[in-house]
Amino acid sequence: MRERQALHSARRAREFEAFVAGAAGRLLHAATLLTAEPPGDNPRARRLLAVSLAHTYACWDRLHGEDPYDRARQYLATRFARESWHRYGGGIGRARRHAAGPLRGLTPQERLILVLRLYEGVAEEQAAALLGLPAERVRTVCDRATATLLHPPAQPARPVTAEAKAATP
């Protein structure tokens, strides 16, 4: 009996290691986009990925033909949404103060929907079901986030100082 359990555990570990080798890079990139951290310095994204992979490993035997990548991505997204909800005081509509990634100008909800829809290729209806939102809301947020990325808001003009006035001819 113990030998059978040991063989099962070894097989499970090999399967999971193969999954991580193939999927961890893409999941880390998605987590980095979600957290709006720079790719080289992304501790929050790495923590989010580790928790997601740990959850996937814990559920490994219960997947029964389900795609483990989908399970890991789903947990990554819901965990990010939950952390953002708690971090930003009851809503994921607020932007981070010190965001530095390519999606830094977006709110956490906009980043989440944009990453799911455009980077991960999740269908609108699936993203809506995952987030508990109407499909129209997902479409609207995705369109608004895309427009923000394509046409970023203008930076406010800096006031002209006396030194700058003297330097201009």
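The values are calculated or read from the model by the stated rules, or taken from the named source; none is laboratory data. These numbers were taken from a predicted model, which means no experiment stands behind them. Every residue, glycine among them, receives a Cβ derived from its backbone with ideal geometry; neighbour counts consider all protein chains shown. Side chains are part of the model used for accessible areas, which takes the heavy atoms of the whole protein and leaves out ligands, DNA and RNA. Shrake-Rupley method; radii C 1.70, N 1.55, O 1.52, S 1.80 Å.
Report whether or not ALA58 is of a type in the set (A, V, I, L, M, F, W, C), more than 30 Å from GLN5 (Cα to Cα) and at pLDDT below 95.
no
In this structure, does ALA100 turn out to be open to solvent by 30 Å² or more (accessible area, probe 1.4 Å) and modelled with pLDDT of 95 or more? It is false that ALA100 is open to solvent by 30 Å² or more (accessible area, probe 1.4 Å) and modelled with pLDDT of 95 or more. Each residue in the range 103-114 was checked for being basic (Lys, Arg) and open to solvent by 30 Å² or more (accessible area, probe 1.4 Å), and 1 pass. Residues considered: ARG117, ARG71. Of these, the only one that is at pLDDT 95 or above, open to solvent by 30 Å² or more (accessible area, probe 1.4 Å), under 25 Å from GLY22 (Cα atoms) and in contact with a Cys (Cβ under 9 Å, 6 or more places away or on another chain) is ARG117. Restricted to the range 120-137, and to residues there that are free of Cβ contacts under 8 Å to residues at least 12 places away in the same chain and part of a helix (DSSP H, G or I), the residue that is farthest from LEU28 (Cα to Cα) is GLU136. Step by step: first the residues of the range 7-39, then only those that are outside any helix (DSSP H, G or I) and touching a helix residue (DSSP H, G or I) at 6+ places or on another chain (Cβ under 6 Å), then the one that is modelled with the lowest pLDDT. Which residue is that? In this case the residue turns out to be PRO39. On the basis of being under 17 Å from ARG73 (Cα atoms) and either touching a residue at least 12 places away in the same chain (Cβ under 8 Å) or open to solvent by 30 Å² or more (accessible area, probe 1.4 Å) (or both), does ALA6 make the cut? In short, no.
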